[in-house]
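A short reminder: the numbers here are calculations on the coordinates, not readings from a lab. The structure displayed is predicted, hence computed values, not measured ones. Cβ atoms come from the backbone with ideal geometry, glycine included; neighbour counts cover every protein chain shown.
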Amino acid sequence: MSVVKGRVGRTSPMGASLTTDGTGFRTWAPNATAVFVVAGAALEPSQAQDWQPESDDAMEPLGDGTWGGFLRSIKEGDPYLFYVDGAGGSGWKRDPFARELSFAPPHPASWCLVRDPATYPWHDSAWQAPAFSELIVYQLHVGTWWAQDEQGNDVRTLRSGTFLDVVAKLDYLIDLGITAIQLLPIQEFETSYSLGYNGTDLYSPEIPYCVAPDDLRWRLAGINAMLADNGQPALTETDLTPGINQLKCLIDLCHLKGLAVILDQVYNHAFGHDSQGAFDSRSLWFYDFQQRPDPNRSLYFIDQTWIGPIFAYWQGWVCQFLIDNARFYLDEYHVDGLRYDEVSAIVNHGGETFTQHLSETVRATRRSAVQIAEYWNGDRPRAIGPPPGGLGFDAELADGLRDSVRALLKQTSYGLSAALDLSAVAGSLTSTPVEAWQLNTCLENHDLTYAGHEGAARLPFLADSADRRSWYARSRVRAAATLLLCAPGIPSLFMGQECLEDKNWSDDRSANGLIYWAGLTAADSSMRDLLRCSTDLVHLRRALPALCSASVRVSRAQDFERVLVMHRWIEGVGGDVIVVVSFDEIAKRAYQIGLPSAGTWREVFNSDVYDGYPNPSPVGNGGHVDASGPPLDGFAASAWLAVPANGALIFVRG
């Protein structure tokens with residue numbers, strides 16, 4: 001099959017583009033001396049060791065560093081590879097823009113697959129993403145969160161989780177009440193398992209996260225039942241045969257069920273297949289075969305590293321490759337937001353202008369898509385500020401509440417007489433580097449709880465390292481969860497946090513780091529109780545608009561009394577909410593606090609109810625208090641409360 005010249009030009013899309021009579025191919029290899037494309041039935045014979053490209057396989061240079069060619073009769077699902085000649089050698093290369101890679105041959109010998117982005121029949125035309133301030137995020141790792149067989153049995157120790165396994169457990173997330181899921185990076189990585197931060201094929205989903213065609217039939221019934229429940233037409237096995245359509249199906253069903261989807265994007269570095277980060281020969285490393293070993297000649301990277309080689313932000317083509325990648329997930333996958341890994345590393349290695357162009361392009365593509373930056377440089381407000389002085393993102397990761405509450409839990413673990421620092425928690429709530437609603441807050445995440453990281457710990461371990469199921473651990477974690485879900489910002493839960501998972505997690509499924517889902521049906525009700533508590537807190541946050549506002553005042557932070565009182569409201573509207581959190585191991589009776597106005601205040605949450613849910617005798621206030629006392633704590637009135645030990649109460653007016 002001969003490559004047709006003249007059908008692909010400088011304005012043609014990068015990668016493989018289907019037409020009615022074949023497929024056009026375009027790739028960037030500015031220093032190559034020749035580039036060839038082999039596809040379809042011709043690809044397998046070409047993998048012989050003595051194979052040499054022929055002139056019929058040659059693509060033509062387009063004068064801008066790219067090469068183009070067209071192959072007639074190459075269709076949806078057909079495999080292809082590029083073969084590149086350069087001054088430093090020659091060999092096969094995967095298309096950096098490939099939408100999908102093959103199951104067989106397995107990675108890294110995978111073939112690229114021609115995919116039509118329009119084959120998935122979307123059902124989400126009525127979907128509207130929540131406002132940024134209304135996001136409640138659940139962070140999960142597809143490979144370890146859940147995997148099931150046809151009978152619904154947990155098979156995570158036998159195989160990786162998949163996009164369709166997440167689909168099977170969506171109702172769990174809907175019941176929890178969160179409004180968005182954030183998937184740890186899902187792009188193809190070279191190692192057998194990974195957190196996902198070592199991607200090399202940025203446009204292709206991780207192959208083990210996809211299901212082979214012969215394993216689709218039994219899954220389809222559950223998927224179509226979900227679609228039917230939402231009045232939508234069914235899918236067929238053909239619809240889901242492409243792996244990319246399985247990720248689209250997950251996002252589509254999330255939207256139908258009211259969940260936004262945020263992807264975690266890594267634009268600061270790439271990483272290879274071993275502990276030294278060595279890349280496989282078919283990757284984008286030294287893509288156009290310049291002379292080795294200088295990394296500055298590797299085309300996509302420079303000689304500086306941050307975990308792995310840093311992208312070459314001075315190269316306009318490289319920046320456009322990454323920006324196009326962000327747009328790709330918005331356009332082809334309908335994602336609702338992007339979380340950018342270590343933007344500070346990008347800026348510190350010459351990528352400031354790139355980040356500004358990235359945020360501007362994404363905003364122009366879809367204004368409703370939230371952009372969250374991980375930015376730890378000293379000039380924290382810069383991440384949120386508009387260009388030219390700022391980087392232009394919508395929100396940024398926050399460490400103030402995270403670090404102060406985690407430190408507080410550790411302090412409480414030393415017992416009743418230990419000194420606590422509630423003032424640090426108060427400061428994290430009220431003294432923020434940017435507007436409070438622009439902070440993406442958390443108490444656990446993939447780094448803080450990862451088994452391979454020094455000092456990693458789940459909240460129950462911080463609260464009581466001697467017994468992570470003790471009353472001390474349970475009650476302190478409930479109080480901490482109340483602080484997180486009542487604080488301003490965009491709160492994030494890490495998988496398992498909602499149900500008292502106490503083990504550090506691992507991307508290695510053979511390690512003892514999988515969520516103990518069986519604990520939700522065990523005789524010990526601890527995990528069920530916290531899941532109910534977390535669920536009620538999440539739903540309460542959604543029901544009380546003041547909790548999604550930026551307005552916050554800490555009216556009391558008493559280290560000796562071990563009590564913090566937080567006031568939330570909507571500026572100019574009201575909707576006052578009072579949150580009382582105690583880390584005292586002894587319940588408080590007739591404890592006086594200030595309230596914004598006199599009259600009845602309803603007790604809408606009491607964490608003590610969830611200790612052996614329903615606790616038959618919780619310490620509380622019978623559902624309401626009367627604010628008939630004198631002014632206190634800067635408020636117009638006050639009331640006397642019963643506050644449970646290591647407990648949290650939430651009050652609303654009326």
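Kindly rank 487-495, 240-248 from highest to lowest mean number of other beta carbons found within 10 Å of each residue. The partial results should precede the final answer.
Details: 487-495: 25.6, 240-248: 23.6.
Answer by packing, highest mean first, reads 487-495, 240-248.
Ratio of region 547-653's C-alpha Rg to 2.2 N^0.38 Å, to two decimals?
On the way: Rg = 13.2 Å, N = 107, 2.2 N^0.38 = 13.0 Å.
For region 547-653, the normalised Cα radius of gyration is 1.02.
Given the Cα-Cα distance of Ala543 and Ala228 and 0.36 nm per residue of separation, how much length would full extension add, in nm?
110.6 nm
What percentages make up the Cα-Cα pair-distance distribution of region 36-117 when the bins are 5 Å wide from 0?
Bin by bin from 0 Å, the calculated values are 3, 13, 25, 28, 19, 9, 2, 0.
Distance between the C-alpha centers of region 286-305 and region 620-650? Whole Å please.
Comparing the Cα centres of region 286-305 and region 620-650, I get a distance of 65 Å.
Could you give the nm distance between label points at Leu416 and Gln592, where each point is 7 Å from its Cα heading toward the beta carbon?
The two pseudo-label positions are separated by 2.5 nm.
Loop-only check: which chymotrypsin sites (Phe, Trp or Tyr not before Pro) in region 323-399 are DSSP coil with at most 16 other Cβ within 10 angstrom?
Loop-located and lightly packed - Trp376.
What is the fewest-to-most order of Arg468, Arg297 by other Cβ atoms lying within 10 Å of their Cβ? Could the numbers behind the result be given before it?
Values: Arg468 22, Arg297 18.
Ascending Cβ contact count within 10 Å gives the list Arg297, Arg468.
What list of ³J(HN,Hα) values in whole Hz, one per residue of region 584-594 in order, does the Karplus curve 6.51 cos²θ - 1.76 cosθ + 1.60 (θ = phi - 60°) give from phi, with Gly and Pro shown as x?
My calculation for region 584-594 gives 7, 7, 10, 5, 9, 10, 6, 8, 8, 10, x Hz in order.
Count charges around Asp584 for me, please; just the other residues with Cβ under 9 Å from its Cβ, Lys/Arg as +1, Asp/Glu as -1.
On the way: positive: Arg562, Lys588; negative: Glu561, Glu585.
Net charge in that neighbourhood comes out at 0.
Per DSSP helix of 4 or more residues, -39500 (n - 2.57); summed, then divided by the residues of the chain. What does that give at 222 nm, rounded to the nearest 500? Mind showing how you got there, number by number?
Values: 14 runs with 146 residues, N = 654.
Helix-only estimate at 222 nm: -6500 deg cm²/dmol.
Take every Cα-Cα pair in region 491-546 and report what % of them are more than 18 Å apart. Intermediate values should be presented prior to the final figure.
Numbers: 642 of 1540 pairs.
Of the Cα pairs, 42 percent sit more than 18 Å apart.
Highest first, please rank the peptides 448-458, 142-152 by the mean number of other Cβ atoms sitting within 10 Å of their residues.
Values: 448-458: 15.3, 142-152: 17.9.
The packing order, highest mean first, is 142-152, 448-458.
Enter the angle in degrees (range 0 to 90, nearest 10) between the Cα long axis of helix 217-229 and the first principal axis of the Cα atoms of the chain, meaning the one along which they spread out most.
Tilt of helix 217-229: around 50 degrees.
Within 10 Å of each candidate Cβ there may be at most 10 other Cβ atoms; applying that plus a DSSP loop requirement, which chymotrypsin sites (Phe, Trp or Tyr not before Pro) in region 546-654 survive? If you can, show how the numbers build up before the last one.
Values: sites: Phe560, Trp569, Phe583, Tyr591, Trp601, Phe605, Tyr610, Phe635, Trp640, Phe651; in loops: Phe560, Phe583.
Sparse-neighbourhood loop chymotrypsin sites (Phe, Trp or Tyr not before Pro): Phe560.
What does the charge add up to near Val362, with Lys and Arg as +1, Asp and Glu as -1, over the other residues with Cβ less than 10 Å from its Cβ?
The answer is +2.
Give me the number: length gained by fully extending Asp116 to Lys257, i.e. 0.36 nm times residue separation minus the C-alpha to C-alpha distance, one decimal in nm.
Values: separation 141, 0.36 × 141 = 50.76 nm, distance 2.61 nm.
Here the answer is 48.1 nm.
Pairs Lys257/Lys410; Lys5/Lys93; Lys169/Lys588: which are spaced more than 29 Å apart, C-alpha to C-alpha? Before the final figure, lay out the partial values.
Values: Lys257/Lys410 38 Å; Lys5/Lys93 21 Å; Lys169/Lys588 41 Å.
Checking Cα-Cα distances, Lys257/Lys410; Lys169/Lys588 exceed 29 Å.
Once both axes come from the Cα atoms, what is the angle between helix 316-333 and the longest principal axis of the chain, in degrees from 0 to 90, rounded to 10?
Once rounded, the angle reads 70 degrees.
Just want the ordering: Met1, Met59, from fewest to most Cβ atoms lying within 10 Å of their own Cβ. Walk me through the numbers on the way to the answer.
Numbers: Met1 16, Met59 25.
Ranked by crowding around the Cβ, least crowded first: Met1, Met59.
Net charge near Arg556: determine it from the other residues with C-beta under 15 Å of the C-beta of Arg556, scoring Lys and Arg +1 and Asp and Glu -1. Walk me through the intermediate numbers first.
Working: positive: Arg553, Arg562, Arg568, Lys588; negative: Asp421, Asp559, Glu561, Asp584, Asp633.
That sum, taken over residues with Cβ under 15 Å, equals -1.
Convex hull over the alpha-carbon atoms of region 474-584: what's its volume per residue in Å³? It would help to have the intermediate numbers written out before the result.
On the way: hull volume 12.8 nm³, N = 111.
Looking at region 474-584, the number lands at 115 Å³ per residue.
Taking the Cα atoms only, what angle lies between the long axis of helix 526-543 and the longest principal axis of the chain, rounded to 10 degrees?
The helix 526-543 is inclined about 90 degrees to the chain.
Arranged from highest to lowest average of other beta-carbon atoms within 10 Å per residue, in what order do the peptides 281-287, 437-443 appear? Display every interim value, and only then the final one.
Numbers: 281-287: 21.3, 437-443: 24.9.
With the highest mean Cβ count within 10 Å placed first, the list reads 437-443, 281-287.
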